[in-house]
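Colleague: To start, I am sharing the structure in question, which I have written as structure tokens.
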Amino acid sequence: MSEEAPPTRWLNRTVIGAGLTSLLADVAYEMATSVLAGFFLILNIPQWMLGLVEGTGDALANFVKLGIGYYSDRIGQRKIFVVGGYALTGVSLSLFAFALGWPLILLGKSLAWIGKGLRGPLRDAILADSVPPAALGRAFGFHRAGDTIGAIIGPLLGALLLATLPLTILNTTAAPHRVVFLLTLIPGIGAALCFFFLVREQRFTPRPGIRFRESLAELPRPFRRYLFAVGLFGMGDFS
């Protein structure tokens, strides 16, 4: 529960900061994703491993999401986990640049998506607290717009870099892809810094005695039905 005066404007510093953060984070992720399949071919990694890497990352992110919101409510802290999550994702994607096979790619993807799981629910909670209830749609729409713009810029940058860089650097055809992965550090770390400096967290009362099952029981029944339906969909929505 917030302890500060409720916000009166929807397009405020926190909403803008969260939108810019999401834009930068998606630029980094989509840059890496757009060239990853080609990198698999160059390293002679079986293509089915790409699905395993993506699916493992998604699973880890979802398991982390399940617990981090509950834990943050207990200790009364959100922003530090969000910044850490963006930083972890930003650094981990660059590990692809050093991969000689699938194990390091799987590790990098897993760490990156653990970071995604850490930041997602808490970022949304911070964003929801930063605007009046009647403006939630506009605030989250602005955030998603930043996310979508980043998803357009990222692949374009990845393709442009591959088209611009020499086909072989240091006598290896994989080098241009490695350069792209390394360059994801710039928007990836930029996303963490953007959230740290621009986003303001509304203080709220910690609930150290809260129990996970009890907190679920407090949710409105229609919302629990909605979560069940989304959960069924999510069971089939994986790589």
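The values are calculated or read from the model by the stated rules, or taken from the named source; none is laboratory data. The structure displayed is predicted, hence computed values, not measured ones. Every residue, glycine among them, receives a Cβ derived from its backbone with ideal geometry; neighbour counts consider all protein chains shown. Only protein heavy atoms, including side chains, enter the accessible area calculation; ligands, DNA and RNA are left aside. Shrake-Rupley method; radii C 1.70, N 1.55, O 1.52, S 1.80 Å.
Colleague: So how many residues does segment 120-143 have that are touching a residue at least 24 places away in the same chain (Cβ under 8 Å) and part of a helix (DSSP H, G or I)?
Modeller: Residues flagged as touching a residue at least 24 places away in the same chain (Cβ under 8 Å) and part of a helix (DSSP H, G or I) within segment 120-143 amount to 13.
Colleague: Is it true that some residue in segment 147-156 is farther than 25 Å from Ala59 by Cβ, at pLDDT below 95 and β-branched (Val, Ile, Thr)?
Modeller: Looking for residues that are farther than 25 Å from Ala59 by Cβ, at pLDDT below 95 and β-branched (Val, Ile, Thr), one finds none in segment 147-156, hence no.
Colleague: Restricting attention to segment 55-68, and to residues there that are at pLDDT 90 or above, of a type outside the set (Val, Ile, Thr) and under 17 Å from Thr33 (Cβ atoms), which single residue is most open to solvent (accessible area, probe 1.4 Å)?
Modeller: Leu60
Colleague: Name the residue, out of Ile105, Ile149, Ile68, that is in contact with a helix residue (DSSP H, G or I) (Cβ under 6 Å, 6 or more places away or on another chain) and over 30 Å from Ile42 (Cα atoms).
Modeller: Going through Ile105, Ile149, Ile68 in turn, the sole match is Ile68.
Colleague: Another one. Taking only pairs six or more apart or across chains, which ones have beta-carbon atoms under 8 Å, a first residue in segment 47-71 that is of a type in the set (Phe, Trp, Tyr), and a second residue that is open to solvent by less than 40 Å² (accessible area, probe 1.4 Å) and modelled with pLDDT of 90 or more?
Modeller: Phe63/Gly117
Colleague: Next question, about the same structure. Please identify the pairs in which a residue from segment 96-119 that is under 14 Å from Phe181 (Cβ atoms) and free of Cβ contacts under 8 Å to residues at least 40 places away in the same chain has its Cβ atom under 9 Å from the Cβ atom of a residue that is of a type outside the set (Asp, Glu) and outside any helix (DSSP H, G or I), counting only partners at least 6 apart or on another chain.
Modeller: From residues that are under 14 Å from Phe181 (Cβ atoms) and free of Cβ contacts under 8 Å to residues at least 40 places away in the same chain, the pairs are Leu107/Ala99; Gly108/Ala99.
Colleague: Any idea which of Pro166, Pro155, Pro176, Pro187 is in a loop (DSSP other than H, G, I, E, B) and out of contact with any Lys or Arg (no Cβ under 7 Å at 6 or more places or on another chain)?
Modeller: None of the others qualify; the one that does is Pro166.
Colleague: Taking segment 11-52 as the search range and keeping residues that are more than 25 Å from Arg144 (Cα to Cα) and surrounded by 17 or more Cβ atoms within 10 Å (Cβ to Cβ), which one is modelled with the lowest pLDDT?
Modeller: That would be Leu50.
Colleague: Mind listing whichever residues of segment 190-207 are part of a loop (DSSP other than H, G, I, E, B) and of a type outside the set (A, V, I, L, M, F, W, C)?
Modeller: Within segment 190-207, Arg200, Glu201, Gln202, Arg203, Thr205, Pro206, Arg207 qualify.
Colleague: On to the next question. Which residues, counting only those in segment 180-230, are open to solvent by 50 Å² or more (accessible area, probe 1.4 Å) and either under 17 Å from the mean Cα position of the chain (by Cα) or within 18 Å of Ser92 (Cα to Cα) (or both)?
Modeller: Once the filter is applied, which keeps residues that are open to solvent by 50 Å² or more (accessible area, probe 1.4 Å) and either under 17 Å from the mean Cα position of the chain (by Cα) or within 18 Å of Ser92 (Cα to Cα) (or both), segment 180-230 yields Leu182, Leu183, Leu185, Ile186, Ile189, Leu193, Phe196.
Colleague: Across segment 208-223, what is the number of residues that are charged (D, E, K, R), within 21 Å of Arg74 (Cβ to Cβ) and either in contact with a Ser or Thr (Cβ under 6 Å, 6 or more places away or on another chain) or in a helix (DSSP H, G or I) (or both)?
Modeller: Qualifying residue count, segment 208-223: 2.
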